[in-house]
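Accompanying notes for the structure given below.
The values are calculated or read from the model by the stated rules, or taken from the named source; none is laboratory data. Predicted, not measured: the structure shown is a model, and the values here were computed from it. Using ideal geometry, Cβ is built from the backbone for each residue, glycine included, and neighbour counts are taken over all protein chains shown. These accessible areas exclude ligands, DNA and RNA; they are computed on the full protein's heavy atoms, side chains included. Shrake-Rupley method; radii C 1.70, N 1.55, O 1.52, S 1.80 Å.
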Amino acid sequence: MAETEATLLRQFPLFLPQNRAKTVYEGFISAQVLARLMLFPSESFPLAAQPGLLCSWQLRTVLNGYHHVVQQRMQQSPDLVSFMMELKMILSSLISIYTQFLAAVDSLKTFWDVMDEIDEKTWVLEPEKPTRSATARRIVLGNNVSINIEVDPRHPTMLPECCFLGADHVVKPLGIRLSRNIHLWDPENSLLQNLKDVLEIDFPARAILEKSDFSMDCGICYAYQLDGAIPDQVCDNSQCGQSFHYICLYEWLRGLLTSRQSFNIIFGECPYCSKPITLKMSGRKA
């Protein structure tokens, strides 16, 4: 017993008995981990019938989901020193993983700040309730025109992938501005500010647009969302500009006797203004 106590003190000099019976130990297992170990009285190991491990909040965090495993190993260990050595090895591995996780989270802080600014200062159409893992945003630019951006979490202030959605007569000038002003992009500025500078626009706030005649409802089913999809097809007629769900427009054009198809493009008439409208068929289920 004396030899065990000497070995324990040598290996864990800051982990000391708290009572004469030496059934309660408290102290640091390692430089980062404070723990309290309760050994219910027993003459020999295994570590008694019901040993207990009371943890500091740091240790509870590290052992989250593994506490029962540690309890089991405590019961199966031949002596206290063996258990403590095994616990120290387990904690070293878990602390290393936990430290790496915290570093990874910290590296994403700038990315999340960028996405939070977009969510707070623009009208985001998709995703409706973005998660922390969502790297894309579809942002309203005006009546039936939007931009879809894909942000690189590793370089969140760099130029993202951009795709404009809307009628050609509205989208094409935006594409031209993006190409013409791309040299103005400054990684030291926020992504939202750079988009404003490059596209020469101010992103309209949702509150302002909702008070205007802005509408994103489908001109065929009169709904905004349909099976999780929102309208992304727009009539090119500048006097119309009505938006439609892909599936709604597809079914509408298929039902018109005057519609025709060439390769993967369907040509027909807009349900609203009767002007020519086209639909490029994609891999989406229709």
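Details
- Restricting the calculation to Cα atoms, every distinct pair contributes to the Kirkwood radius of segment 215-285, found to be 12.2 Å.
- Of the listed residues GLU3, GLU126, the order by accessible area with a 1.4 Å probe, largest first, is GLU3, GLU126.
- Rolling a 1.4 Å probe over the protein heavy atoms gives segment 122-199 an accessible area of 51 Å² per residue.
- Accessible-area ranking of ILE176, ILE90, ILE230, largest first, probe 1.4 Å: ILE176, ILE90, ILE230
- Placing unit charges on each Cβ (+1 for Lys and Arg, -1 for Asp and Glu) gives segment 149-286 a dipole about its Cα centre, and among PHE267, VAL171, ASN181 the Cα reaching farthest toward its positive end belongs to PHE267.
- Protein-only accessible surface order, largest first, of SER274, SER262, SER146 at 1.4 Å: SER274, SER262, SER146
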